[in-house]
Each structure stands twice: as structure tokens, then as C-alpha cells.
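Read the structure below first, then the notes.
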Amino acid sequence: MVVSTEKQEKPVSGNVDSSPLIPKAEGLPVGNYRVVGWDLDFSGRRLVDEILQIAAWTPEKEFSLYVMPSRDLNLTTRRRHKLKIVTIQRYRVLKHIKSNKPIKTKSEVSGLQDFIAWLEEVKGDAKDGIILVFHEALNSCPALLLHCLGRYPHYNLLERFKAVVAGFANGFAIAESKCAKAVTHFNLRTLSNTLLGKEESLESAADRSRLAYQVLQKLCCEDGAGDSAAPNTASMISCVREYTQPCRREEELLVLQQEMIKRQDALRPVFHQLMRGTRKERERAYLLRRNLVDAHVDMTVLTEAWNAGQKEAVEKLLEEKAHIADEKDRSDLLTKIEWHFVPELRPKVERRPSFKKGRRYSKSSDKTNGNAENGKEPSSPIQSPDTTVVSPEKPQTNGTKDSQEAVAC
């Protein structure tokens, strides 16, 4: 749900070893709700990353706002969202890569305030709150949004948000349960092509929020009238609230994920050498570390076990808590832990040869060195001509001599 501090982009938690599945939703009681399509664009998948775009859509109103991040975008983010940041003297501008047109932006706290104000306006007479619907295979958007709202406690954003929003519903889970026999892939592009009969760009969060709402209409309406012109809101709400996760539960999952990230960071010294290797070695390190993280084994537990009985105590700990079925994984994990506590057993890694370009010598320098070895004076291959001009001395005439004598007198 939440990303870790490591620089990985694929999973929500930031690493391959803790990619979360979509948790089973608790559901909401029967009440008066309003469904809003919603999506976010982030500068990455880590806790320190920032919002790039907030978008929401209903048949009556829509909301879209870009946020200027405090840091520049990396290459992966620029390619994914087709955005770039240009610095002009002391000012920073967010631009589209394709059109190179500037985009009007706001700060993150101002954008969140505008988004909450828009939700309060859209809520209307729905006294039980709003259900935010998004479509994502990894359940990351709710936790990331709640974490961003919690960054600004002085503005009271999180309390205002929970007073308006009842929960989050993932359209991916709804499609997975209702279209399991008809469709094999449940991503938004496939469902919009199959159910809505149109292919649209999914680069912008505004387009994804609109398609998430329309696809959900098609899935949940009993009469099949999934058109926004005549929506069946009653059947849609009754369908969505069963798959809705309350804000309270999302906050609990966020806390659990943050604790998991702390355990991952604490175990980093054990797998430090593998993480600095090739991609295959990093994936292997993530797989081994996941066994410890899922078993709630952190660095403190490993240190206590090693001090109590060294390798035998650690092996017993792994058998009791980390139920690893693969014998090779168990032996590799035990070896990495032993290498951490006894560094002398760790094999030495040979340094890779560096491919730095050496100093280039021209033909003239080679010729100069050859002449010096043969006892000859080095001669430069290109000699500049002597341009010194010597003017001839003018002979003195009688007139000149007489004039000099006259001046002397």
C-alpha cells in the first residue's frame, strides 16, 4: 500500500519482496452515498514522493488540478506521465513533453485544499458521505493520499477529508469478481475497450477517473444502462458499497505497511551486498528478505538469537517463525545472516575492471618522444613562421645633418 524509501518503481511498497495484494474490503452499511470517480498521478512509489495531478469525475462535475513538486522528475516519471519541469532563471514550470505547453499548477497543500472543497460541494445531500472509486491493480492510491494529507497537520486536512469521504472502492476488484468468465485481463484499457467500445489515452489522471466511473456504471447497473446520460445510481451504490474499504481501515493498513517498511530498512545490512549486484541478485535479495518481513523478524530479533546460540539459534528461529518450504531459500537465507555476523566468512568480491578511456596521444607527441629517445631535439610538427619585421636603417642625408646642427645652435 505504501512505498518504502528504496528506489524501485514497480510495486506499491517499493520492493519486489512486499508487493501487496488487494485486501478484502469490509464494506459499508446501507446509507445515502455518492459515487465519484477518482485517480492520482505521483512522482514515484515512495513515501517521500509527491502528487503530480489530482482528478475526479462525476456526470455533473469534474475536477482536475496539477501540482508542482518540490523536486525535479526522474526519467521514469517523465516517460510515464509525459511531463517535465523546466527551470527559467528562478522559476520552475511544469510542461507537457509532447506539446511543450506550460501547465498551470499549485502547491501540494493548496491542491489538496481545493480537492477537499470540491468534494464538500459534490457531496450535496449525501449525508453518509462519498465513495471514491479508482481502478488499480495495486491498492496504492488510498494510502498514498492519506499519507499526503497527514503531512500537513496544521491545516486539518485529514479530518476534513474523513468527514466527507466514507471510503475507497477499487474497480479492479469489482471487475475481477463480476467479469472473471468473460475477460482475462482486468486493467482499465481492456475493460474500456470491451465494455465501452472505445480506446482512449490513459496518461492523464483525469481520463482514468472518468473511465473508472463509466466502467463501474456498466458493471453495476442491473438494466445495463451504463450511459452517463441515464445512470442508475441506486443499483450502482448498492453494488459499490460491498467492495468499499472505510477510511478507518485504510489508515490501519497504512500503519501496518509503515511498520513493514521499518523492518525492511532494518534488515538492509544483511542483504547489502546482493542489493548492490545485478538485477537478478537484487530480486533474490528481495525474495529472501520477504520471508523475514512476513514472519515479523527484524534485526533486533536476529541479533538476540545470534547472541544466544549463533547459527543454531538462528536456524531454530527460522524454523519456528519463517515457514520456508524451499530448502535452497532456507539455506541461502541462513548463509546471508551468518555472513553478516561473521564478515570473515563472506567471500571477497573481485572488482570489475574499469573501462575508463586512457589519455590520448597525438602523432606529434609520439614523434617528439621518438626524437628525444634518439638524442635529437624534439621538433614540433607545426612550426609557426617568423613574422618579425626588421626595418632597414635609413642613411642620413646632408639636409638632415644641417638641420640637426641648426637645432643645436
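Ignoring solvent entirely, what values of log10 I(q)/I(0) come out of the Debye formula for segment 163-210 at 0.17 Å⁻¹ when each Cα is a single scatterer? Results for segment 163-210 at q = 0.17 Å⁻¹ read -0.58.
Quick check: Cα centre of segment 230-267 to Cα centre of segment 120-143, how many Å? Segment 230-267 and segment 120-143 have Cα centres spaced 11 Å from each other.
Hand me the trypsin sites (Lys or Arg not before Pro) from segment 107-176 located in a DSSP loop with no more than 16 other Cβ atoms within 10 Å, in residue order please.
Details: sites: Lys123, Lys127, Arg151, Arg160, Lys162; in loops: Lys127, Arg151.
Passing both the DSSP loop test and the Cβ count: Lys127, Arg151.
Segment 49-206: D in µm²/s via Stokes-Einstein (Kirkwood Rh, Cα pairs, 10 °C, 1.306 mPa s)? Spell out each step's value before the answer.
Working: Rh = 17.6 Å.
Approximately 90 µm²/s, per Stokes-Einstein.
Do the alpha carbons of any pairs in Lys61/Lys178; Lys178/Lys198; Lys61/Lys101; Lys280/Lys336; Lys316/Lys336 sit beyond 23 Å of each other, and which pairs? With Cα atoms farther than 23 Å apart: Lys61/Lys178; Lys61/Lys101. Taking every C-alpha pair closer than 8 Å and separated by at least 6 residues, the mean separation divided by the residue count of segment 52-170 gives a relative contact order of 21 percent.
Would you please calculate the Kirkwood hydrodynamic radius of segment 157-285 over all C-alpha pairs and express it in Å, rounded to one decimal?
Working: mean 1/r = 0.0558 Å⁻¹.
Radius from the Kirkwood sum: 17.9 Å.
The fraction of Cα-Cα pairs per 5 angstrom bin, counted from 0 for segment 267-319, comes to 4, 20, 25, 23, 17, 9, 2 percent, rounded to whole percents. The calculated P(r) of segment 236-291, using every Cα pair and 5 Å bins from 0, goes 4, 16, 17, 13, 11, 10, 9, 9, 6, 3, 0 in percent. In terms of the mean number of neighbouring beta-carbon atoms within 10 Å, the peptides 180-188, 75-83 order highest first as 75-83, 180-188.
What accessible area per residue comes out for segment 129-226, rounded to a whole number of Å², with a 1.4 Å probe?
On the way: 3970 Å² over 98 residues.
Accessible area per residue, segment 129-226: 40 Å².
Does segment 16-91 classify as rounded, prolate or oblate by the C-alpha gyration tensor (a ≥ b ≥ c root eigenvalues; a/c under 1.5 gives rounded; else a/b over b/c gives prolate, otherwise oblate)? Oblate. When you restrict to C-alpha pairs under 8 Å that are six or more residues apart and normalise by the size of segment 28-86, the relative contact order lands at 24 percent.
The values are calculated or read from the model by the stated rules, or taken from the named source; none is laboratory data. None of these values were measured; they are calculated from a predicted model. Note that we place each Cβ from the backbone using ideal geometry, even for glycine, and neighbour counts take in every protein chain shown. Keep in mind that these areas ignore ligands, DNA and RNA; they rest on the heavy atoms of the full protein, side chains included. Shrake-Rupley method; radii C 1.70, N 1.55, O 1.52, S 1.80 Å.
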